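*Asks:* The structure follows.
The values are calculated or read from the model by the stated rules, or taken from the named source; none is laboratory data. The structure presented is a predicted model; accordingly, all values stated were derived computationally and were not measured. Cβ: placed from backbone, ideal geometry, glycine included. Neighbour counts: every protein chain shown.
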Amino acid sequence: MTLLLASQSLKIMKNISLDITKAEQFLKTNAVAAYESKVKAAQASLENGTCPGNDFLGWLHLPSSITDAFLNDIQTVANTLRSKCEVIVVAGIGGSYLGARAVIEALGNSFAWLVNDKRNPTILFAGNNIGEDYLFELTEYLKGKKFGVINISKSGTTTETALTFRLLKKQCEAQRGKAEAKDVIVAVTDAKKGAARICADKEGYKSFVIPDNVGGRFSVLTPVGLLPIACAGFDVKELVKGAQTMEKACAADVPFAENPAAQYAAVRNALYEEAGKKIEIVVNFQPKLHFFAEWWKQLYGESEGKEGKGIFPAACDFTTDLHSMGQWIQEGERSIFETVISIERPEKTLLFPHDDENLDGLNFLEGKRVNDVNKMAELGTQLAHVDGGVPNIKVSVPQLNAFYIGQLIYFFEIACGISGNLLGVNPFNQPGVEAYKKNMFALLNKPGYEAESKAIRERLA
Ligand SMILES: O=P(O)(O)OC[C@H]1O[C@](O)(CO)[C@@H](O)[C@@H]1O
């Protein structure tokens, strides 16, 4: 018994792995291998800081630079919020929102908001839309509740988040008094600039800094993601450890054929450039991964969609969406490929029961795990879609836990950095996002936008 435990603890944890064989069959022989020198050059340009957007490379070796002292600070603040709040509202949008939600939903109970065991605070997300009903209903729900707020914004000025934070701050102060509110409002923002920083310093809120050189969509392993994840009760040390193992597994000196990020970057660019596959659908067979795909969509969409180029990042939850998007994927325009995030083993076991009457004809599944059915759905879908002309990339994940989510995060980040460089764009800016903001501010007569307001009114007259 003791021996077994000892050997178990020495066991080397398997990493996530990549299978591109069912994508390669849609390409010319050796098409992926032919990318080796370009991929190596792209990764080298990240490593030596010569790529476009090189002032935003702080994420590249972030996992290995995270110290225990830093994680302990995150955990201490999270513990304070957890002890003082029954609800924590995480206010943020885009990269200041999606990573935290992706991890919390992947690791949490599917019915977290209904589980009332008081072991964890309820985590709610806001500041990611301007829906009046959403905000009204949120403020109604929070009435009489002991709630806290994590206000996350790198710029500190994003309208959706700032507007929401003003509402929440006022409500929190009204319900708990200004002095107590100060202890349950935390800011995660720039070190020096922006309204969120000014407010945090003036009010004396505990605050964390988003490093200058880490863009929003690459910031989940900074306090942007780590603080809400710790507040939700998940193990941020394991998450970071997972990311650290992928930092090693995808390092620039790992041979091309063994580097999963290099392979993924190469195959998706080959599919895009040589096989006309303009859309990538990230697919899961576990509904808990829905927001992980949302995080991935921002990562790849903002990084690559520019200069008239870029694979369109889409996502589907299977088998749910096989009953809505399945028809299009099987037989629509052949411009898509799929990347399946495949969880090898669920955390829980549910066996299918016997029924004497067998009215539903399902006794052939008796005694099987629900996951056995799901896995056959996954395999059947892969075969059908490949037969239908959809290249398939598979990312296998041994288990849905913090360690492997950390691996997935870093794997997709480094692959994105390489892929964007292969595409020949700056993967670390997002100039296109400003267009709607400029119009909105002009339409709202925001001070400083007088000329734009005049121009837009003339255009609409
Ligand atoms: O953290 P901030 O500055 O509020 O920005 C939120 C999000 O908005 C964007 O800047 C786009 O407007 C994203 O890139 C970013 O993740």
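*Asks:* Since residue 134 meets every condition but one in (1) out of contact with any Lys or Arg (no Cβ under 8 Å at 6 or more places or on another chain); (2) closer than 18 Å to residue 175 by Cα; (3) surrounded by fewer than 16 Cβ atoms within 10 Å (Cβ to Cβ), which condition does it not meet?
*Replies:* So residue 134 meets the others, but not (2).
Residue-wise test of (1) under 16 Å from residue 79 (Cα atoms); (2) of a type in the set (A, V, I, L, M); (3) modelled with pLDDT of 95 or more.
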{"site": "148", "(1), (2), (3)": "yes, no, yes"}
{"site": "156", "(1), (2), (3)": "no, no, no"}
{"site": "171", "(1), (2), (3)": "no, no, yes"}
{"site": "188", "(1), (2), (3)": "no, yes, yes"}
{"site": "203", "(1), (2), (3)": "no, no, yes"}
{"site": "210", "(1), (2), (3)": "no, yes, yes"}
{"site": "216", "(1), (2), (3)": "no, no, yes"}
{"site": "219", "(1), (2), (3)": "no, no, yes"}
{"site": "222", "(1), (2), (3)": "no, no, yes"}
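*Asks:* Across region 194-227, which residue is nearest to the ligand (Cβ to nearest atom) among those that are of a type in the set (Ser, Thr, Tyr) and under 21 Å from the mean Cα position of the chain (by Cα)?
*Replies:* 219
*Asks:* Given (1) on the phi > 0 side of the Ramachandran plot; (2) surrounded by fewer than 19 Cβ atoms within 10 Å (Cβ to Cβ), where does residue 275 come up short, assuming only one miss?
*Replies:* (1)
*Asks:* Shifting gears a bit: Sort out which residues of region 75-91 are buried (at least 22 other Cβ atoms within 10 Å of the Cβ) and either more than 16 Å from the ligand (Cβ to nearest atom) or at positive phi (or both), and write them in order of number.
*Replies:* 78, 81, 85, 88 - these are the residues of region 75-91 that are buried (at least 22 other Cβ atoms within 10 Å of the Cβ) and either more than 16 Å from the ligand (Cβ to nearest atom) or at positive phi (or both).
*Asks:* Now for a separate question. Only residues in region 68-80 that are among the acidic types (Asp, Glu) count as the first member; pair them with residues that are outside any helix (DSSP H, G or I) and at pLDDT 95 or above, Cβ under 9 angstrom, at least 6 apart or cross-chain, and list the lot.
*Replies:* From residues that are among the acidic types (Asp, Glu), the pairs are 73/208.
*Asks:* Of the numbered conditions (1) within 16 Å of the ligand (Cβ to nearest atom); (2) modelled with pLDDT under 95, residue 429 satisfies every one except a single condition; which is it?
*Replies:* (2)
*Asks:* Where in region 35-90 are there helices (runs of 4 or more DSSP H), lying fully within it, with 1 or more residues that are among the hydrophobic types (A, V, I, L, M, F, W, C), out of contact with any strand residue (DSSP E or B) (no Cβ under 9 Å at 6 or more places or on another chain) and closer than 28 Å to residue 271 by Cβ?
*Replies:* Ranges flagged: 36-47.
*Asks:* Here is a list: 249, 191, 181. Which entry is assigned by the TED database to the domain that holds residue 47 and either closer than 20 Å to residue 57 by Cβ or away from the ligand (no atom under 16 Å from the Cβ) (or both)?
*Replies:* 249
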